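One structure is given here, and the rest of the page talks about it.
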Amino acid sequence: MDPQALPGREFIMNEEPITWHSIFNEVLPLAVCNDNCHPGYRRKMKEGKTFCCYDCTPCPDGEVSDHNDMDDCFTCPKDQYPNRNQNQCLPKMINFLSFSECLGNILAFLALFFSLITALMLGIFFRNQNTPIVKANNRNLTYSLLVSLLLCFLCSLLFIGRPQAVSCYLRQACFGIIFSVAVSCILAKTIMVKLAFMAITPGTRIRKWVGRRMANSIVLCGSFIQAGICATWLCTAPPFPDFDLHSLAEEIIVECNEGSVTMFYCVLGYLGFLAFVSFTVAFLIRKLPDGFNEAKFITFSMLVFCSVWLSFIPSYLSTKGKYMVAVEIFSILSSSAGLLGFIFFPKCYIIIMKPGLNCKEQLIRRH
C-alpha cells in the first residue's frame, strides 16, 4: 500500500506468488451469494441482503435478456420476436397468402376451375340461344349474369399474392362492382318474370314495361350506385399496402389496409341490400308456372348467397393475416358457385341431357 501514490495505484496486489487451496481449483472465488443469472433471466435484489445477493427471475413475456447478470430485460424491435428461451431476438416471418403455398394453390385452382365451368356454360347458352329455354328468361340478362360470374371468379385471384399498390386499389372495388352487376342481373330477371306474367292479363298497361330497356335500366341503376360508392371510397381513403407488426407475435402481416373501414362495409351493405331485395322478389313469385319461371332456382341461389355473406362477417373479423384473405376468397367463390349452380345447372342439364324438353310445346304444356 502506498498512500502517496497516484489515484488508483494506492493498493497493488501481486497475484503470481499467491497459492490457492486445492478446493478453489486455482480459480478466484466470487464475492457473491449466488451464481450468475443466465440470459433469459434478470437479477432481483433480496430484501434485507447485501447488494451482491440477488435472485434470478425469468424475463416477462415478450422481453429478453442476452447477457449474464442483467438488471432488466428489454423488448425486441418491432420486426423481431423473443425466442422460446427469451435470450435472443429472432426476425419475424412475412405473412401473406401466396400462390406458392398449398392454401393459395387450392383457392387459385378453384377460381380457375369455376371460371372454366362458367365459360363452358356461356358457350352452351350462346350455341343454343334460339331454343325456348334460353329465350324464355331473357337471353341478354343470362349472358350478362354469366359474364359477371366469370369475372367474379377471376377477381378472387387479385386477393392472392403479396399485396401491391395496384392490387390493393383494385380488388375490393372490382369485387363490389362485379358482384353488384351479378345481383342486379338476378333482380332484373325476377322483376321481368313478374312483369311478364302480369302483362298476360287482358287490358293491362304493364306490357309496355316488359322489354330490354326495363331490364337494362335495373342492371345499370343497381351497378352505378355501387360504382359511385367505390369511386367515393377510392377518391377519399383508398386501400393501400400496409404492415401489421402486432397482431401475430412471430409474423409480420403484409396486408391491404382498407383505408376506410366504413366504406368497406358500405360496399358490403349495399351488396347485401341488393341480395335481400332479389331474394324477396324471387320468393314472392316462386309459385308462378314452372314453364317460364326460374324464380324457384333464384330463390335457392340467393338463399345460399345471403347465408355465405352473413357468415362471412364474423369469420372475417375473427381471423388474422392470410386466413382473413382466404375467408374472403372462399366467400367469393362459394357464393358465385351457388348462383352458377342453382340458376344455370338445371338449364344446362335440360339442354344437354334432355333436349326433348327444350321445345315450345313442352314449355306451354308445363305452363
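Please work out if VAL193 is open to solvent by less than 40 Å² (accessible area, probe 1.4 Å), among the β-branched types (Val, Ile, Thr) and either in contact with a Lys or Arg (Cβ under 8 Å, 6 or more places away or on another chain) or closer than 26 Å to SER100 by Cα (or both).
It is false that VAL193 is open to solvent by less than 40 Å² (accessible area, probe 1.4 Å), among the β-branched types (Val, Ile, Thr) and either in contact with a Lys or Arg (Cβ under 8 Å, 6 or more places away or on another chain) or closer than 26 Å to SER100 by Cα (or both).
For a quick check of your reading of the model, give me the residue pairs whose first member lies in the stretch 248-263 and is under 7 Å from ASN95 (Cβ atoms), whose second is of a type in the set (Lys, Arg), with beta-carbon atoms closer than 7 Å and at least 6 apart or on different chains.
Every condition considered, the pairs that remain are LEU248/LYS320; GLU251/LYS92; ILE252/LYS92; ILE253/LYS320; VAL254/ARG162.
Where the second residue is exposed (fewer than 14 other Cβ atoms within 10 Å of the Cβ) and not acidic (Asp, Glu) and the first is in contact (Cβ under 8 Å) with a residue 40 or more places away in the chain and lies in the stretch 101-117, which pairs have Cβ atoms under 8 Å and are six or more apart or on separate chains?
Going by the 8 Å Cβ cut-off, the qualifying pairs are ALA108/PHE99.
Can you give me the number of residues within the stretch 19-59 that are at pLDDT 80 or above and over 30 Å from CYS89 (Cβ atoms)?
Selection size over the stretch 19-59: 0.
Output the residue which, of all residues in the stretch 335-354 that are in contact with a Phe, Trp or Tyr (Cβ under 7 Å, 6 or more places away or on another chain) and over 19 Å from LEU110 (Cα atoms), is surrounded by the fewest Cβ atoms within 10 Å (Cβ to Cβ).
Of everything passing the filter in the stretch 335-354, PRO346 is surrounded by the fewest Cβ atoms within 10 Å (Cβ to Cβ).
Select from the stretch 223-242 the residues that are surrounded by fewer than 16 Cβ atoms within 10 Å (Cβ to Cβ) and within 17 Å of the chain's Cα centre (by Cα) and list them in ascending order.
If the condition is that a residue be surrounded by fewer than 16 Cβ atoms within 10 Å (Cβ to Cβ) and within 17 Å of the chain's Cα centre (by Cα), then PHE240, ASP242 are the ones that fit.
Right, LYS92: open to solvent by 90 Å² or more (accessible area, probe 1.4 Å) and more than 28 Å from SER148 (Cβ to Cβ) or not?
Judged against the criteria, LYS92 is not a match.
Taking only the stretch 318-345 into account, find how many residues are in a helix (DSSP H, G or I) and more than 28 Å from LEU187 (Cβ to Cβ).
Final tally of qualifying residues: 5.
Yes/no per residue for (1) open to solvent by 40 Å² or more (accessible area, probe 1.4 Å); (2) closer than 20 Å to CYS256 by Cβ:
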{"site": "SER115", "(1), (2)": "no, no"}
{"site": "ARG127", "(1), (2)": "yes, no"}
{"site": "PRO132", "(1), (2)": "no, no"}
{"site": "LEU151", "(1), (2)": "yes, yes"}
{"site": "LEU154", "(1), (2)": "yes, yes"}
{"site": "ILE160", "(1), (2)": "no, yes"}
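Take PRO163 and tell me if it is modelled with pLDDT under 95 and more than 30 Å from ASP242 (Cβ to Cβ).
So PRO163 fails the test.
If you check every pair at least six apart or on different chains, which have Cβ atoms under 6 Å apart with a residue in the stretch 71-89 that is farther than 14 Å from PRO58 by Cβ first and a residue that is loosely packed, with under 11 Cβ neighbours inside 10 Å and small (Gly, Ala, Ser) second?
TYR81/ALA249
Being farther than 18 Å from CYS185 by Cβ and either open to solvent by less than 50 Å² (accessible area, probe 1.4 Å) or in contact (Cβ under 8 Å) with a residue 40 or more places away in the chain (or both) is true for just one of LEU274, LEU268. Which residue is that?
LEU268
Can you tell me which residues in the stretch 134-149 are in contact with a Phe, Trp or Tyr (Cβ under 9 Å, 6 or more places away or on another chain), of a type outside the set (A, V, I, L, M, F, W, C), crowded, with 18+ Cβ neighbours inside 10 Å and over 19 Å from LEU271 (Cβ atoms)?
ASN137, THR142
If only one of ILE124, ILE133, ILE117 is under 24 Å from the mean Cα position of the chain (by Cα), farther than 16 Å from ILE329 by Cβ and in a helix (DSSP H, G or I), which one is it?
None of the others qualify; the one that does is ILE117.
The values are calculated or read from the model by the stated rules, or taken from the named source; none is laboratory data. Just so you know, these numbers come straight off a predicted model, no measurement behind them. Glycine gets a Cβ as well: all are built from the backbone with ideal geometry, and neighbour counts include every protein chain shown. What goes into the accessible areas is simple: the full protein's heavy atoms, side chains included, and nothing from ligands, DNA or RNA. Shrake-Rupley method; radii C 1.70, N 1.55, O 1.52, S 1.80 Å.
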